[in-house]
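Colleague: Here it is, the structure in full.
Values quoted throughout were computed directly from the atomic coordinates according to the rules given, and no laboratory measurement underlies them. Treat the numbers as computed from the prediction; the structure is a model and nothing was measured. Note: ideal-geometry Cβ built from the backbone for every residue, glycine included; neighbour counts use all protein chains shown.
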Amino acid sequence: MKNRVIFVGVGGATCSGKTTLAKHLRNLLPGSVILHQDDFAPPQELIPLHPEYKVQDWDSAEGAIDWPRMIKTLKEVKETGVIPPEHYSHDHLNEQRDVPIERKVSERWKETFSRITKEREEKGERLIWVVVDGFLLYWHPEVVEQLDARIFLRVPHDVLKQRRLERHGYHTAEGSLWRDPPHYWEQIVWPAYVAAHGGMLEGGDVEHGGPNGAVPGLILIDGQEMGLAETVEKVCARLAEKATEDQ
Ligand SMILES: Nc1ncnc2c1ncn2[C@@H]1O[C@H](COP(=O)(O)OP(=O)(O)OP(=O)(O)O)[C@@H](O)[C@H]1O
Ligand SMILES: [Mg+2]
């Protein structure tokens, strides 16, 4: 039996619903696991200060992720099909409000994927699904290259900002609680998001631009227009197609 590891990228801004979608996918894709990009953030003392506002900048792409470590882990997981034992996730520390979808939708996709899994096994191929959840997934070319499906959740600025303000804090990779200082959204989070995503959208327009081809095969989902069940439908249809392609 040959292993085939499929990385499903779920990218988008902070509070766009990536982890929510990733957890639905984990429930539908047999044996799947989630890799959270947040777990590749450098330790807090190495997070750079913003040159102008003098607060720690957790969002600008260059300094927000330990890129060599993330790329190394992705390559290792691709190769072995398992998350290395030394990889630690702090995701469970963060609260997660459930956004349910209709049971009939999830049941149908569960059945579809378990059927596909069996069919592929009969062809000698073991499918291993890894959902990669990250706010900077399409910035580094070596990360983009690793992702077999490239989903991008887009939610309007005002909704994102509101959700972020409602969040009481976020646990860092070391477990301490980070709370946004005043003006953090407009000074740090949003400009960093625009800088990291403008290049893959037409006219650099992160609110309305379509994919410009810089990230091949990008599946852009306007999350506010679509609703979660419809998003799951669209994503699963693409993943089912992907899984049944012969290599
Ligand atoms: N489809 C949706 N409809 C309504 N609310 C949603 C939807 N998806 C997520 N949310 C809500 O938005 C908030 C952020 O969701 P989530 O934690 O999944 O975002 P995220 O993209 O993982 O954020 P972060 O990058 O900061 O970890 C949560 O309160 C969640 O319940
Ligand atoms: Mg998240």
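Colleague: Taking the alpha-carbon set of the chain, what are its Rg and Dmax in Å?
Modeller: Cα only, the chain: 17.9, 59 Å (Rg, Dmax).
Colleague: Return the aspartates and glutamates within reach of residue 72: Cα separation strictly under 17 angstrom, same-chain partners fewer than 8 residues apart disregarded; answer none if there are no such residues.
Modeller: The reachable aspartates and glutamates, counting only those whose Cα sits under 17 Å from residue 72, are 38, 39, 62, 86, 133, 142, 145, 148.
Colleague: Here's a follow-up. Straight-line reach from residue 161: which lysines have Cα under 30 Å away, leaving out those fewer than 8 places along the same chain?
Modeller: Straight-line reach from residue 161, under 30 Å: 18, 23, 54, 234.
Colleague: Further, regarding this structure: When a/c is below 1.5 the answer is rounded, else prolate if a/b is larger than b/c, else oblate, so apply that to the range 83-157 with a ≥ b ≥ c taken from the square roots of the Cα gyration tensor eigenvalues.
Modeller: oblate
Colleague: Once phi is turned into ³J(HN,Hα) by the Karplus curve 6.51 cos²θ - 1.76 cosθ + 1.60 with θ = phi - 60°, what whole-Hz value does each residue of the range 43-50 show in order, with x for glycine and proline?
Modeller: In residue order, the calculated couplings are x, 3, 5, 9, 6, x, 7, 5 Hz.
Colleague: Arranged by the count of other C-beta atoms within 10 angstrom, fewest first, what order do 70, 226, 1 take?
Modeller: 1, 226, 70
Colleague: So how do 114, 16 line up by other beta-carbon neighbours within 10 Å, fewest first?
Modeller: Neighbour counts put them in this order, fewest first: 114, 16.
Colleague: Return the loop-located trypsin sites (Lys or Arg not before Pro) in the range 80-131 (DSSP other than H, G, I, E, B) with at most 16 other Cβ atoms within 10 Å of their own Cβ; answer none if there are none.
Modeller: Qualifying residues, ordered by number: 97, 123.
Colleague: Nearest 10 degrees, 0 to 90: what angle lies between the long axis of helix 18-28 and the longest principal axis of the chain (Cα atoms)?
Modeller: That works out to roughly 20 degrees.
Colleague: Given 0.36 nm per residue, what is the gain on full extension from residue 208 to residue 92 after removing their alpha carbon distance, in nm?
Modeller: 38.4 nm
Colleague: Quick one: in the range 127-247, what % of C-alpha pairs are over 18 Å apart?
Modeller: 61 percent
Colleague: A follow-up question, please. Fewest first, what order do 154, 69 take by the number of other Cβ atoms within 10 Å?
Modeller: Final ranking by Cβ density, sparse to dense: 69, 154.
Colleague: Report, as a whole number in µm² per second, the diffusion coefficient that Stokes-Einstein gives for the range 6-109 at 25 °C and 0.890 mPa s using the Kirkwood radius over alpha carbon pairs.
Modeller: D, rounded to a whole number, is 154 µm²/s.
Colleague: Follow-up question, since we're still on this one. Scan around residue 219 for amide H atoms under 5 Å from its own, H built in the peptide plane at 1.01 Å from N, and keep only partners 5 or more places away or cross-chain.
Modeller: Residues meeting the criterion, in which the H sits 1.01 Å from N, are 150, 151, 152.
Colleague: Between the alpha-carbon centers of the range 145-215 and the range 38-105, tell me the distance in whole angstrom.
Modeller: What the calculation gives is 14 Å, centre to centre.
Colleague: Turning to a different aspect of this structure: Go ahead and estimate [θ] at 222 nm for the chain from helices alone: -39,500 (n - 2.57) per DSSP H run with n ≥ 4, summed, over the residue count, rounded to 500.
Modeller: Result for the chain: -11500 deg cm²/dmol, rounded to the nearest 500.
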